[in-house]
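In what follows, a single structure is set out as structure tokens and then discussed.
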């Protein structure tokens, strides 16, 4: 079974952010949607990185963990892209975990991370070799 296209995760996260006002008071008060949205964006970034390595170096895709793939990315892509990918992944990872004394990530922060993730997904997408 193959994972969904990273752009699909971004699309669902975007829809979630657009509908944040219509999710209902219970959903917003319970704080579940920001974590779900952050998780979707992180899955998109991870999927783009996995897809990149699958195309460039299948052994890295198969045997490397997330941090290893991010570290190795520094040697293959422009420095700024690798830095953005690492920062975005780390920020989203932190946002998806429960922290007793911290507030959830805001919709505006998620919107900014979504935009950066869209750029990362686009930059890591390799042209297909099809006709």
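The values are calculated or read from the model by the stated rules, or taken from the named source; none is laboratory data. Since the structure is predicted, the reported quantities are computational estimates derived from the model, not experimental observations. Using ideal geometry, Cβ is built from the backbone for each residue, glycine included, and neighbour counts are taken over all protein chains shown.
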Assess whether residue 96 counts as being at pLDDT below 95 and under 12 Å from the mean Cα position of the chain (by Cα).
-> yes
Going through region 66-105 one residue at a time, which ones are in a loop (DSSP other than H, G, I, E, B) and within 24 Å of residue 55 (Cβ to Cβ)?
-> 74, 75, 76, 77, 78
If we keep only residues of region 18-39 that are surrounded by fewer than 20 Cβ atoms within 10 Å (Cβ to Cβ), in contact with a helix residue (DSSP H, G or I) (Cβ under 8 Å, 6 or more places away or on another chain) and not in a loop (DSSP other than H, G, I, E, B), then the residue modelled with the highest pLDDT is 39
Of the residues in region 40-76, how many are crowded, with 16+ Cβ neighbours inside 10 Å and at pLDDT 90 or above?
-> 18
Would you be able to say whether some residue in region 81-88 is touching a residue at least 12 places away in the same chain (Cβ under 8 Å), surrounded by 20 or more Cβ atoms within 10 Å (Cβ to Cβ), within 17 Å of residue 117 (Cα to Cα) and touching a helix residue (DSSP H, G or I) at 6+ places or on another chain (Cβ under 7 Å)?
-> yes
